[in-house]
Amino acid sequence: QVELVESGGGLVQAGGSLRLSCAASGRRFSINVMGWYRQPPGNQRELVATITSVGSTSYGESVKGRFAISRDNAKNTVYLQMNSLKLEDTAVYYCHAVADWYSDSGYRFTSNFWGQGTQVTVSS
């Protein structure tokens, strides 16, 4: 199995910046896509950004031009640089990964994995 641990969330003033990190760990795995989703208070979870193993990125419309996703494959870590933060960016941010992993017998599985979430609060 794969474990995802987020860090970097917290309080930030509107217009400021914040950088989130998510580190993946496990015995035997290979990550295809990593990304970030968020869930504002009282709303459904929505896509923020994704990045493939070769660096192709995709962003939600509300964050284009303000957020940047990056990835360190050697460290199995994905980052989300958030700039020009707005009040509506307040949400719990979740790290996500689509990964291949292997059983003790060598059988390969492909699964979705989620982190525990980290709170980002933007204030005026």
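Mind checking which of G115, C22, S56 is farthest towards the positive end of the chain's charge dipole, using Cβ charges of +1 (Lys, Arg) and -1 (Asp, Glu) about the Cα centre? With unit charges placed on the Cβ atoms, the residue in question is S56. Per residue, the chain exposes 53 Å² of accessible surface when a 1.4 Å probe is rolled over the protein heavy atoms with every protein chain present. Between N73 and E88, the simple label model (points 7 Å from Cα in the Cβ direction) yields a spacing of 3.6 nm. The apolar share of the surface of the chain, taken as the fraction of accessible area on carbon and sulfur atoms (1.4 Å probe, ligands and nucleic acids excluded), comes to 46 percent.
Note on T57 and R27: with the Förster distance fixed at 35 Å, the Cβ-Cβ geometry gives a FRET efficiency of about 0.80. Taking a ≥ b ≥ c as the square roots of the eigenvalues of the Cα gyration tensor, an a/c ratio of 1.5 or more together with a/b larger than b/c marks the range 51-113 as prolate. Compared with the rule-of-thumb size 2.2 N^0.38 Å for a compact globular protein, the range 14-80 has a Cα radius of gyration ratio of 1.19.
The charge dipole of the chain, taken about its Cα centre with unit charges on the Cβ atoms of Lys, Arg (+1), Asp and Glu (-1) only, comes to about 160 debye. Taking label points 7 Å from Cα along the Cα-to-Cβ direction, N43 and Y102 give a separation of 4.2 nm. Summary of packing: across the peptides 82-95, 46-59, the per-residue average of other C-beta atoms within 10 Å ranks them, highest first, as 82-95, 46-59. Each label was represented as a point 7 Å from its Cα along the Cα-to-Cβ direction; for S123 and Q1 these points are 3.6 nm apart. Working ranking of peptides 101-109, 20-28 by packing, defined as the average number of other Cβ atoms within 10 Å per residue, highest first, is 20-28, 101-109. Taking only the C-alpha atoms of the chain, the Rg (one decimal) and the largest Cα-Cα distance, Dmax (whole number), read 14.8, 54 Å. Just to confirm a number: summing +1 for Lys and Arg and -1 for Asp and Glu over residues other than A97 whose beta-carbon lies under 12 angstrom from that of A97, what do you get? Within the 12 Å Cβ shell, the charges total -2.
The values are calculated or read from the model by the stated rules, or taken from the named source; none is laboratory data. The shown structure was predicted, so the numbers you read here are calculated from the model rather than taken from an experiment. Reconstructed Cβ throughout: ideal geometry from the backbone, glycine too, with neighbour counts over all protein chains shown. The area values use the complete protein model at the heavy-atom level, side chains included, leaving out ligands, DNA and RNA. Shrake-Rupley method; radii C 1.70, N 1.55, O 1.52, S 1.80 Å.
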